[in-house]
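The values are calculated or read from the model by the stated rules, or taken from the named source; none is laboratory data. If you're wondering where the values come from, they're calculated on a predicted model, not measured in any experiment. Neighbour counts are summed over all protein chains in view; Cβ atoms, including those assigned to glycine, are modelled from backbone coordinates with ideal geometry. We work out accessible area using only protein heavy atoms, side chains counted, and drop any ligands, DNA or RNA first. Shrake-Rupley method; radii C 1.70, N 1.55, O 1.52, S 1.80 Å.
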Amino acid sequence: MAAYKAEKNADLEFNFPEGLEWNELDRQGVKLPVRMKFVDLVIERERDILLIEIKDPSHSKSPDENRNQYLKSLSDNSILTQELTPKARDSYLYLHLMEKDEKPFKYIVLIGLDAFDSEKQKAVLAGFKDRLMADIRCESFEAWKRKYISDCVVLSVDAWNKTFPDWPVSRIADAQA
């Protein structure tokens, strides 16, 4: 299994099996197109391509004030319009221009909300997928003609591990405590 963390100091660590085709799209220290925002990971499967964005407001070094602000941005949709939708669009555009768009794209957002109680998590995630998909499809006064993302899903760490049991993610700060 290959271990992956989106950032050097990240708490969330993924374990990917050998043979899984994945790459880090939002690489630090590599020349990337100016003003484009990218998802963290791209995983190519036999039938589709997964664009994966990792957000972790529950990071062990995140102060409560930052966590609460992030929770607010999830609730008021600013995270959708300012971060998640542009990352989906720009990542797709980049892969399209690199001729790597032969399969349907699915957008997966992993949000580490485990620092919040389950009721808050449910409240934040209720309808989030539908709001995200609506924003992806219609960012301006007119909807995109091309449906570049076929589907999306928003997952907690627990939901990720149930959905992708062969690609487990764990919070390593908990394991080291």
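Observations on the model:
- For segment 87-129: rounded, prolate or oblate by the Cα gyration tensor [a/c cutoff 1.5]: prolate
- Gyration tensor verdict on segment 96-177 (Cα atoms; rounded if a/c is under 1.5, prolate if a/b is larger than b/c, oblate otherwise): oblate
- Structure remark: mean-square fluctuation, Gaussian network model of the chain, C-alpha springs under 10 Å; the largest value among Val153, Val39, Val30 belongs to Val30.
- Gaussian network model of the chain, Cα within-10 Å springs - most flexible of Leu25, Leu71, Leu97: Leu97
- Distance (nanometres) between label positions extended 7 Å along Cα→Cβ at Ser75 and Gln28: 3.1 nm
- Separation of alpha-carbon centers, segment 29-72 and segment 124-158, rounded to whole Å: 15 Å
- Segment 17-103: C-alpha gyration tensor shape, a/c 1.5 cut-off, then a/b vs b/c: prolate
- By the rule of a C-alpha distance below 23 Å, with chain neighbours fewer than 8 residues away ignored, the lysines paired with Lys61 are Lys5, Lys8, Lys72, Lys120.
- Highest GNM mean-square fluctuation among Phe141, Phe16, Phe105, for the chain modelled with Cα contacts below 10 Å: Phe141.
- Sites Leu97 and Asn161, calculated FRET efficiency, Cβ-Cβ separation with R0 41 Å, nearest 0.05: 0.75
- Share of carbon and sulfur in the accessible heavy-atom surface of the chain [1.4 Å probe, %]: 50 percent
- The mean sequence separation of alpha-carbon pairs under 8 Å and at least six residues apart, normalised by the residue count of segment 90-160, gives a relative contact order of 50 percent.
- Only one item in (1) 1.18; (2) 0.94; (3) 1.13 matches Rg/Rh (Cα atoms, Kirkwood Rh) derived from the coordinates shown, and that item is (2).
- Local electrostatic count at Met133 - Lys and Arg +1, Asp and Glu -1, tallied over other residues with Cβ under 15 Å: +3
- Given Lys100/Lys147; Lys37/Lys122; Lys87/Lys162, the pairs whose alpha carbons are separated by over 18 Å: Lys37/Lys122; Lys87/Lys162
- Sequence-distant contacts, meaning Cα pairs under 8 Å at least 6 residues apart, place the relative contact order of the chain at 26 percent.
- Its relative contact order, with pairs defined as Cα atoms under 8 Å and 6+ residues apart, puts segment 32-118 at 45 percent.
- Environment charge of Asn68, counting only residues whose C-beta is closer than 14 Å and scoring Lys/Arg +1, Asp/Glu -1: -1
- Computed from label points 7 Å out along Cα-Cβ, the spacing between Ala126 and Asn66 is 2.9 nm.
- Taking every DSSP bridge with both residues inside the chain, close to 55 percent are antiparallel.
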